[in-house]
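Chemist: One structure coming up, written as structure tokens, with questions to follow.
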Amino acid sequence: MSASAKPIANARSGTGIPSARLITWWVIASEIVIFGGLLASYIMHRVAHPEWAESASHTLTWAGALNTFILLTSSLCAVLAHQAADSHDGPKAAKLLRLTALGGLIFLCVKGYEWTLDIREGFVLSSGGFWSFYYTLAGLHGLHVLAGMIIMLIVAADAAKNEELQRVECIGLYWHFVDIVWIFLFPLLYIAK
């Protein structure tokens, strides 16, 4: 393929928006439906079960706050990676994407430590309604963090060679979505006691 020919996936769609960006927004929209339904269900159950406040009091607020800081910092790296890609500095974008993925790894390590402590205290999936929602919501979010990290490292490998730089924006959009979901989960699972 010649250097001037772009793959069809990067061409503009009938909307005038690049196809890759449009697809990314469709993926995010479908994820909003999934998380939105789970969050709405959790909120309705939480309102109907004031006794869940006792269970919620056992969550490690400091761990949730630390993870919030980690994800927000990693989002800053994603924004800077997008700026570098827009400036055609693929190696810098790749470095920043790797830092973003490192933030995701640290997030998952903190979550693993937190869950280890929770399980040792006897708070498991079958410990009641609150814990069922807690592990389901946080676990699904963790899977999205892991998927984002994997995709980000693949994008970083291409960006390091100054190739496919438009993908940096797409993975950044996805990462920001993952962060926004956590911004909802943190107060609902950790602070609302």
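The values are calculated or read from the model by the stated rules, or taken from the named source; none is laboratory data. Note that the structure is a prediction, hence the values are computed from the model and not measured. For neighbour counting, all protein chains shown are included, and Cβ atoms are generated from backbone atoms with ideal geometry for every residue, glycine included.
Chemist: From 136, 24, which residue is crowded, with 18+ Cβ neighbours inside 10 Å and either touching a strand residue (DSSP E or B) at 6+ places or on another chain (Cβ under 6 Å) or assigned to a helix (DSSP H, G or I) (or both)?
Modeler: 24
Chemist: List the residue pairs whose Cβ atoms are under 7 Å apart, where the first residue sits in the stretch 115-130 and is at negative phi, the second is among the small types (Gly, Ala, Ser) and surrounded by 10 or more Cβ atoms within 10 Å (Cβ to Cβ), and the two are 6 or more positions apart or on different chains.
Modeler: 125/132; 130/55; 130/56
Chemist: Tell me the residue from 155, 124 that is of a type in the set (Val, Ile, Thr) and within 28 Å of residue 77 (Cα to Cα), please. Steps first, answer last, please.
Modeler: Values: 124 fails: within 28 Å of residue 77 (Cα to Cα).
Unique residue meeting the criteria: 155.
Chemist: Same structure again: For the stretch 146-165, which residues satisfy the criterion of being of a type outside the set (A, V, I, L, M, F, W, C), at pLDDT below 95 and buried (at least 16 other Cβ atoms within 10 Å of the Cβ)?
Modeler: 164
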